[in-house]
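Structure, as structure tokens:
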Amino acid sequence: MTTIQNHLPTAELQALDAAHHMHPFTHGDALAKKGARVITSAKGVFLKDSDGVEILDGMSGLWCVNLGYGRSELAEVAARQMRELPYYNTFFQTTTVPALSLAARIAELAPEGLDHVFFSSSGSEANDTNIRLVRHYWHAMGKPSKKIIISRKNGYHGSTMGGASLGGMSAMHAQGGLPIPDITHIDQPHWWAEGGDTSPEEFGLARARQLEEKIAELGEDNVAAFIAEPIQGAGGVIIPPETYWPEIQRICDAHDILLIADEVICGFGRTGEWFGSQAMNIRPDIMTFAKGVTSGYQPVGGSIVHKDVAAVVNAAGDFNHGYTYSGHPVACAVALENVRLLDEEGVLQHVRDIAAPALAEKFATLGEHPMVADPRTFGMLGGLQLSPDKDARAKFEAPVGTIGLRVRERCFANGVIMRHVGDRMIVCPPLVITPEEIDTMVERALKSIDEAYEGAK
Ligand code: PLP
């Protein structure tokens with residue numbers, strides 16, 4: 001077998017896949033019985049599978065294809081860069097023009113003061129970098145005991161040992177002895193599920209203040225940083241109450257704790273700003289990015305570091321950390337072109353003026369369905385709760401995720417990709433989606449929810 005096997009019929013592709021390919025976050029045997037859906041091409045917001053069926057991608061792949069599929073400009077830039085310099089590293093006092101140019105461009109787009117970039121190839125790696133970076137920073141500041149990183153239950157920060165430890169996903173912690181030491185978690189600001197009788201505003205404050213309580217419990221001198229996504233993505237598109245982030249900011253400032261905003265999903269236009277921190281008025285010391293920086297066309301991630309933190313790290317001798325592909329020239333060239341297109345084509349403006357308002361309006365109509373509670377959007381992220389009795393904020397009797405999975409499967413059958421997180425359904429379409437495509441996406445979602453509802457009766 002020497003080439004891509006795209007001449008084979010679907011069943012043979014599936015058999016090869018089942019025989020040799022281990023999938024992320026997948027029950028291997030169950031998938032092998034069923035056969036994976038083979039995605040073969042894509043254009044705009046539509047995927048095509050090996051049987052020629054078109055599917056509207058309501059998740060931008062894995063939250064990453066911000067610019068939509070099929071942009072030949074990105075392919076051309078990659079080919080040009082591969083011919084000129086396919087690879088060189090950024091270790092040992094060398095650099096490449098794409099890497100330095102991308103770092104400089106990101107510094108222009110990031111919030112005030114965040115003007116240094118450490119590259120990786122993924123969000124997980126970038127968060128591993130953050131663990132090492134903040135500990136190195138405090139060591140260099142003469143406070144080596146400041147090592148603990150506080151994170152949140154049901155947050156997602158990646159799949160490496162470090163990333164998964166920062167994340168608060170219990171199913172991940174249950175495999176492989178996680179979290180690693182000196183990482184601890186507080187509760188998430190998920191009002192619908194955990195807010196009880198409090199108002200969202202009171203609940204947002206209470207959840208933020210858990211950070212202050214945790215710092216007091218651990219001792220300020222032992223805490224290095226707090227990390228969180230501006231909006232939790234993989235946890236189910238959980239948009240925090242408005243009171244949450246200002247209080248978190250106050251607490252980090254008051255206790256000399258570095259604030260890391262994990263912008264892997266929120267970054268590069270998803271909220272209508274370049275970064276979620278700008279949309280939510282957060283002043284982080286470090287931001288994690290990946291995904292949307294290349295619209296997923298190449299793997300790039302990294303940490304955007306405030307100049308005050310970078311100055312300390314840069315003065316502290318060698319930072320003994322890095323990846324073979326940190327600042328990969330082809331990947332960085334593609335990222336630069338992606339950012340240029342997002343900028344010059346006014347994609348953020350499109351999000352702010354057209355797509356996000358259209359998504360907000362249409363997504364809200366799903367709330368008319370008896371099984372849909374609290375449909376909400378922020379920028380181009382949307383989440384809703386499936387519930388058997390939404391006024392009581394009730395959960396299903398069936399194990400968590402049973403109904404959500406059923407809805408997701410109906411979505412697949414009805415030509416739209418919508419993800420389920422337990423019994424939450426979420427969307428994150430390409431930023432370039434049109435209002436007509438948003439209508440199609442939501443109508444297919446509604447049909448799917450209704451079919452699952454009828455089936456559950
Ligand atoms: N951080 C957040 C907020 C994410 O959503 C993800 C991936 O979904 C990651 C980190 C990990 O990124 P990657 O899968 O590129 O390692």
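Helix screen, the chain: no DSSP H segment has Cα axial length of 24 Å or more and mean Kyte-Doolittle hydropathy at least 0.5.
Put simply, when 46-57, 321-332 are sorted by average Cβ atoms within 10 angstrom per residue, most first, you get 321-332, 46-57.
For the stretch 248-289, the Kirkwood hydrodynamic radius from C-alpha pairs, put into Stokes-Einstein at 37 °C and a viscosity of 0.692 mPa s, yields a diffusion coefficient of 315 µm² per second.
Evaluated with a Cβ-only charge set (Lys, Arg +1; Asp, Glu -1), the stretch 127-198 carries a dipole of roughly 420 debye about its Cα centre, given to the nearest 20. Oblate is the label for the stretch 245-361. Its Cα gyration tensor axes, ordered a ≥ b ≥ c, give a/c of at least 1.5 and b/c at or above a/b. Legend: P(r) of the stretch 1-89 from all alpha carbon pair distances, 10 Å bins from 0, whole percents, reading 14, 31, 38, 16, 1. Remark: spin-label model distance residue 434-residue 145 equals 6.3 nm, labels positioned 7 Å along the Cα→Cβ axis.
Considering only 235, 303, 75, and ranking their Cα positions along the charge dipole of the chain that arises from unit charges at the beta-carbon of Lys, Arg, Asp and Glu, the one farthest toward the positive end is 75. Restricting the GluC sites (Glu not before Pro) of the stretch 381-457 to loop positions (DSSP other than H, G, I, E, B) with no more than 10 neighbouring Cβ atoms within 10 Å leaves 397.
The HN-Hα couplings worked out from phi for the stretch 277-287 by the Karplus form 6.51 cos²θ - 1.76 cosθ + 1.60 (θ = phi - 60°) are 4, 5, 5, 10, 6, 9, 10, x, 8, 9, 10 Hz, whole numbers, x standing for Gly and Pro.
Across the stretch 384-390, computed HN-Hα scalar couplings (Karplus, 6.51 cos²θ - 1.76 cosθ + 1.60, θ = phi - 60°) run 9, 10, 8, 8, x, 8, 6 Hz from first to last residue, x flagging Gly and Pro. As an equivalent ellipsoid, the stretch 172-217 spans semi-axes of 25, 15, 5 angstrom, where each value is the square root of five times an eigenvalue of the C-alpha gyration tensor, largest first. Taking the helices alone, the chain has a mean residue ellipticity at 222 nm of -12500 deg cm²/dmol, built from -39,500 (n - 2.57) per DSSP H run of at least 4 residues and averaged over all its residues.
Please sort by residue number the trypsin sites (Lys or Arg not before Pro) in the stretch 378-411 whose DSSP state is loop and whose Cβ has at most 11 other Cβ atoms within 10 Å.
In loop regions of the stretch 378-411 (DSSP not H, G, I, E or B), there are no sparsely surrounded trypsin sites (Lys or Arg not before Pro).
When the trypsin sites (Lys or Arg not before Pro) in the stretch 269-315 are filtered for DSSP coil states and for at most 10 other beta-carbon atoms within 10 Å of their beta-carbon, no site remains. Taking Rh as the Kirkwood radius, which is the inverse of the mean 1/r over Cα pairs, what is the Rg/Rh value for the stretch 149-241? Answer for the stretch 149-241: 0.97. Of all beta bridges that DSSP places with both ends in the chain, some 65 percent have antiparallel geometry. Taking a ≥ b ≥ c as the square roots of the Cα gyration tensor eigenvalues, with a/c under 1.5 meaning rounded and otherwise prolate when a/b beats b/c, else oblate, which class fits the stretch 372-425? Taking the square roots of the gyration eigenvalues as a ≥ b ≥ c, the stretch 372-425 is oblate.
For the stretch 35-180, the square roots a ≥ b ≥ c of the C-alpha gyration tensor eigenvalues yield an a/c of 1.5 or more together with a/b not exceeding b/c, which makes the shape oblate. Distance from the alpha carbon centroid of the stretch 273-297 to that of the stretch 59-112 works out to 16 angstrom. In the stretch 317-431, the alpha-carbon atoms span a convex hull of 211 Å³ per residue. Its relative contact order, with pairs defined as Cα atoms under 8 Å and 6+ residues apart, puts the stretch 269-320 at 25 percent. Expressed to the nearest 5 percent, the antiparallel share of DSSP beta bridges inside the stretch 142-296 is 5 percent. Net charge dipole, the chain: roughly 880 debye, given to the nearest 20, about the Cα centre with Cβ charges of +1 for Lys and Arg and -1 for Asp and Glu. For the cross-link pairs 48/447; 395/447; 34/362; 214/390, the ones whose C-alpha atoms lie over 29 Å apart are 34/362; 214/390.
Find the all-direction average of the projected area of the Cα convex hull for the chain, expressing the result in square nanometres with one decimal place. Each step should come with its number before you reach the end.
Values: hull surface 88.7 nm².
So the Cα hull casts an average projection of 22.2 nm².
Taken together, the values in this text are just the output of simple stated rules run on the coordinates, not laboratory data. Everything numeric in this text was worked out from a predicted model, so none of it was measured. Here Cβ is always computed from backbone atoms with ideal geometry, including for glycine, and neighbour counts include all displayed protein chains.
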